[in-house]
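Visitor: Okay, here's the structure, questions in a sec.
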Amino acid sequence: MRELNRTFHDKLHSRQMLTSIVANTFNYAVGRGLDLKQIKAATGIIQTDLINSESRLPEELVPTIWKLLGEAYPRQPLALHMASAAPFSTFGQLAQGVQYAEDIRSALRAFVKYRSVLSDQLWLDLIESGSEAILQAYHPVGEIDGGYGAEFGLALTKRLVQEILGTNDAVVRVEFKHEPFGSSHVYENFFGVTVCFQKDHNALVLRREALDLPTQGQDIHLFQYIQGNLDLLQDHWRLHHNPSQISALFDAIARNAELSEYGAETLAQQMNMSLRTLQRLVQEQGLTIRQLIDNAREARARQLLTNSTLSVAAISAQLGYSDERAFRRAFQRWTDKTPTEFRRRLGRA
């Protein structure tokens, strides 16, 4: 999973989210009584910015609106309330397409494959293990909005699975990284299954055998047709927001991070260019190679620290630090927290 921090992305390209997601959050806030002037002052958007639901807007708009709602209505499961009536079109063409998938496995794999259609930064994975199938979800804005976005996304996905199957017994458990907004009983009444909090991941857990269940509207030809449209959308946004060399640079950083490699020379080799050429490419974006490496390390560090079985020393080594103290200093510089404080905030110290 590749996660790049706010400073890095704000400078290289704007992180963006499907406008329909922003629009639905905006409309819910208005429906709950937030003043339009208040929303505009916080986000800079007005209703006419939301007309084209298939366009994209900056991702920071959604957590900003959730923060306003959370301040106005503290400790209330607002995301569940919104998800109970939100249209599936909130997920754009992706929601329309998965309804024609052959089975639930194909539908969920389509969500994983086309996740960037919903958001540049959304990470999804479908893990089949034992008797369970786990749809894991992560988005960096979860650290800003406190978990509202994760709740809304999984709640609407659960409704969609129920709709396309015509049955309510596929999901067996729901997991969230954050604490509940209010009583956990409200969550269990909504999802109809056990809901766990302060877990390692946000996840929808299904019976593995349910993946083979056919969808009610299965139509392989329509499914392939919509997948073609999604391919075009994904390519359009990738090319529009990530010039080819910058996109290749992101990929090289991600590959190296997975190998615990954070050297400038190795990054240049991944890019098939000299170090001097790489430096020039990065400088054109107003950055330095050290910034790129630091951002990759920070993103990887945040991810690894959610794994309570890894010691800080082990994480330090994976990030290429020969001295654990150097990692601790760097992490505090990035986040204003020590690794231990960061874990304590997640409940995993």
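Visitor: How large is the translational diffusion coefficient of the stretch 134-213 in µm² per second when you combine the Kirkwood radius over alpha carbon pairs with Stokes-Einstein at 25 °C and 0.890 mPa s?
Guide: Taking Rh from Cα pairs, D becomes 191 µm²/s.
Visitor: Using the structure shown, select from LYS177/LYS337; LYS199/LYS337; LYS67/LYS337; LYS67/LYS113; LYS158/LYS199 the pairs with a Cα to Cα distance greater than 28 angstrom.
Guide: Violating the 28 Å limit, Cα to Cα: LYS67/LYS113.
Visitor: State the extension gain, in nm to one decimal, for the chain segment bounded by GLN283 and ASP35, taking 0.36 nm per residue of separation less the distance between their alpha-carbons.
Guide: Values: separation 248, 0.36 × 248 = 89.28 nm, distance 4.27 nm.
So the chain would gain 85.0 nm between GLN283 and ASP35.
Visitor: Calculate one ³J(HN,Hα) per residue across the stretch 179-186 by plugging θ = phi - 60° into the Karplus curve 6.51 cos²θ - 1.76 cosθ + 1.60, and present them in order as whole Hz with x for glycine and proline.
Guide: The phi angles translate into 7, x, 8, x, 5, 5, 5, 4 Hz.
Visitor: Same structure again: Have a look at the chain and give its Rg and Dmax from the Cα atoms, expressed in angstrom.
Guide: Answer for the chain, Rg first and Dmax second: 20.8, 59 Å.
Visitor: Now a separate question. List the residues, sorted by chain then number, that are 5 or more residues from CYS196 or on another chain and whose placed amide H is less than 5 Å from its amide H.
Guide: VAL174, GLU175, PHE176
Visitor: Also, I was wondering about something else. Roughly how many nanometres apart are two label points built 7 Å out from the Cα toward the Cβ at GLU71 and GLN234?
Guide: Using points 7 Å along Cα→Cβ, the separation is 3.8 nm.
Visitor: Let me ask another. Out of ARG300, ARG280, ARG115, any idea which swings most in a Gaussian network model of the chain, alpha carbons joined below 10 Å?
Guide: Looking only at ARG300, ARG280, ARG115, the largest GNM fluctuation is found for ARG280.
Visitor: Taking Rh as the Kirkwood radius, which is the inverse of the mean 1/r over Cα pairs, what is the Rg/Rh value for the stretch 40-158?
Guide: Taking Rh as the inverse mean 1/r over Cα pairs, Rg/Rh reads 0.98.
Visitor: Can you work out the FRET efficiency for the pair ALA248 and GLN162, with r the C-beta to C-beta distance and R0 = 45 Å, to the nearest 0.05?
Guide: 0.65
Visitor: Using a 1.4 angstrom probe on heavy atoms only, work out the carbon and sulfur share of the accessible area of the chain in %.
Guide: Using a 1.4 Å probe with all protein chains present, the chain comes out at 48 percent carbon and sulfur.
Visitor: Across the stretch 80-222, what fraction of all alpha-carbon pairs, as a whole percent, falls in each successive 10 Å bin from zero upward?
Guide: Per 10 Å bin, starting at 0, the Cα pair percentages come out as 12, 45, 37, 6, 0.
Visitor: Name the most mobile residue of ALA41, ALA330, ALA137, meaning the one with the largest mean-square fluctuation, in a Gaussian network model of the chain with Cα contacts below 10 Å.
Guide: It is ALA41.
Visitor: Kindly rank 79-85, 194-200 from highest to lowest mean number of other beta carbons found within 10 Å of each residue.
Guide: 79-85, 194-200
Visitor: Let me ask you something else. May I ask you to give the solvent-accessible area per residue for the chain, in square angstrom, as obtained with a 1.4 angstrom probe?
Guide: Working: 16140 Å² over 349 residues.
Dividing the accessible area of the chain by its residue count gives 46 Å².
The values are calculated or read from the model by the stated rules, or taken from the named source; none is laboratory data. All of these numbers come straight from a predicted model, not from anything done at the bench. Cβ atoms come from the backbone with ideal geometry, glycine included; neighbour counts cover every protein chain shown. These area figures cover heavy atoms from the full protein model, side chains too; ligands, DNA and RNA do not enter into them. Shrake-Rupley method; radii C 1.70, N 1.55, O 1.52, S 1.80 Å.
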